[in-house]
Amino acid sequence: HGLTWSPPQAMPVNSPHGPMQLKDGRLLYPGVNFVGLGIDYKPDERRVGAWESSDDGISWTLAGLIPLRPGDHAVDYHELHGVEATDGTLVVLIRSHAKRGPRDMLQTDSRDGGKTWSVPRPIGLQGYPPHLTRLKDGRLLLSYDHRIPPYGVQARFSADHGATWSEPVIITENPKKLDQGYPSTVQLDDHSFLSVWYEVSPGKKKAVLKQARWTTQK
């Protein structure tokens with residue numbers, strides 16, 4: 001129950017928000033793999049995909065690679081996060097630095113448990129990195145930092161398993177373009193939401209964690 005911990009072990013994938021728990025008991029971790037390539041690896045040796053574990057994270061194997069959009073490179077994709085929708089669709093969003101739309105958030109889906117993935121597509125927003133949560137009513141919640149005006153932490157909802165996304169909900173505004181981001185959000189027992197992100201205030205050198213409790217109810 002968190003009192004003692006095993007020694008740390010290397011993971012095959014790099015992505016800040018961690019794996020998702022699937023209904024079949026597996027852990028699925030979408031992200032970027034360059035473990036074992038050394039410091040002199042070539043950019044296109046990076047692999048973007050999803051790795052799975054059936055033993056609670058003791059061992060990991062590649063479930064399936066995520067294809068690249070035509071013209072994109074593996075080095076363009078970063079900080080993936082995913083969630084399993086109520087209909088079984090696996091939805092993964094990607095921080096993209098591709099020359100075509102350098103801040104566009106991309107989405108890829110899998111309908112066979114992570115073995116194959118759709119070609120990533122933009123979802124109409126510019127921000128990163130993504131954090132996904134499945135809500136009690138089955139909707140998906142995406143929270144992210146909006147990196148163009150209006151700056152700040154925002155959220156969007158999907159009621160159709162990630163096929164479309166709502167207009168943004170402003171969690172916090174950032175008129176001074178502060179160094180902030182990496183929000184993550186949970187739904188509380190009263191159905192409100194709690195979001196946490198980092199922020200560096202003007203004149204400060206170190207970041208602090210900030211939080212906001214919010215709701216869409218009037």
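Here's a check for you: in the stretch 99-111, which residue that is basic (Lys, Arg) and over 17 Å from the mean Cα position of the chain (by Cα) is nearest to Gly82 (Cα to Cα)?
Ranking the qualifying residues of the stretch 99-111, first place goes to Arg111.
I need the full set of residues from the stretch 160-177 which are outside any strand (DSSP E or B), within 20 Å of Arg213 (Cα to Cα) and of a type in the set (Ser, Thr, Tyr), in order please.
If the condition is that a residue be outside any strand (DSSP E or B), within 20 Å of Arg213 (Cα to Cα) and of a type in the set (Ser, Thr, Tyr), then Ser166 is the only one that fits.
Which one of Gly114, Gly181, Gly138, Gly124 is over 14 Å from the mean Cα position of the chain (by Cα), assigned to a strand (DSSP E or B) and of a type outside the set (Ser, Thr, Tyr)?
Exactly one residue qualifies, and that residue is Gly124.
Here is a check on your reading of the model: is Val200 open to solvent by 40 Å² or more (accessible area, probe 1.4 Å) and closer than 15 Å to Val153 by Cα?
No, not satisfied.
Take Gln187 and decide whether it is over 20 Å from the mean Cα position of the chain (by Cα) and farther than 22 Å from Arg95 by Cβ.
No.
Is one or more of the residues making up the stretch 99-109 acidic (Asp, Glu) and over 23 Å from Ala159 (Cβ atoms)?
no
For a quick check of your reading of the model, give me the residue pairs whose first member lies in the stretch 136-165 and is without any contact (Cβ under 8 Å) to a residue 60 or more places away in the chain and closer than 12 Å to Leu178 by Cα, whose second is crowded, with 17+ Cβ neighbours inside 10 Å and among the charged types (D, E, K, R), with beta-carbon atoms closer than 6 Å and at least 6 apart or on different chains.
Val153/Asp145
For the stretch 165-178, give me the residue count where each residue is more than 16 Å from Leu135 (Cβ to Cβ) and open to solvent by less than 80 Å² (accessible area, probe 1.4 Å).
So the first thing to find is which residues in the stretch 165-178 are more than 16 Å from Leu135 (Cβ to Cβ), and the list is 167-168, 170, 172-178.
Subset that is open to solvent by less than 80 Å² (accessible area, probe 1.4 Å): 168, 172, 174, 178.
Total meeting the criteria: 4.
Of the conditions (1) open to solvent by 10 Å² or more (accessible area, probe 1.4 Å); (2) touching a residue at least 24 places away in the same chain (Cβ under 8 Å), Asp104 clears all except one; give me its number.
(2)
If a residue has to be touching a Leu at 6+ places or on another chain (Cβ under 7 Å) and open to solvent by 20 Å² or more (accessible area, probe 1.4 Å) to count, how many in the stretch 143-156 make the cut?
1
Any residue at all in the stretch 203-215 that's β-branched (Val, Ile, Thr) and either free of Cβ contacts under 8 Å to residues at least 12 places away in the same chain or open to solvent by 60 Å² or more (accessible area, probe 1.4 Å) (or both)? Let's see the steps before the verdict.
First pass over the stretch 203-215, keeping only residues β-branched (Val, Ile, Thr): 208, 215.
Cutting the leftovers down to either free of Cβ contacts under 8 Å to residues at least 12 places away in the same chain or open to solvent by 60 Å² or more (accessible area, probe 1.4 Å) (or both) gives us 208, 215.
Yes, there is a match, as at least one residue in the stretch 203-215 is β-branched (Val, Ile, Thr) and either free of Cβ contacts under 8 Å to residues at least 12 places away in the same chain or open to solvent by 60 Å² or more (accessible area, probe 1.4 Å) (or both).
The values are calculated or read from the model by the stated rules, or taken from the named source; none is laboratory data. All values reported here derive from a predicted model rather than from experimental measurement. As a convention, Cβ positions derive from the backbone with ideal geometry for all residues, glycine included, and neighbour counts pool all protein chains shown. All accessible areas refer to the heavy atoms of the entire protein, side chains included, with ligands and DNA or RNA removed. Shrake-Rupley method; radii C 1.70, N 1.55, O 1.52, S 1.80 Å.
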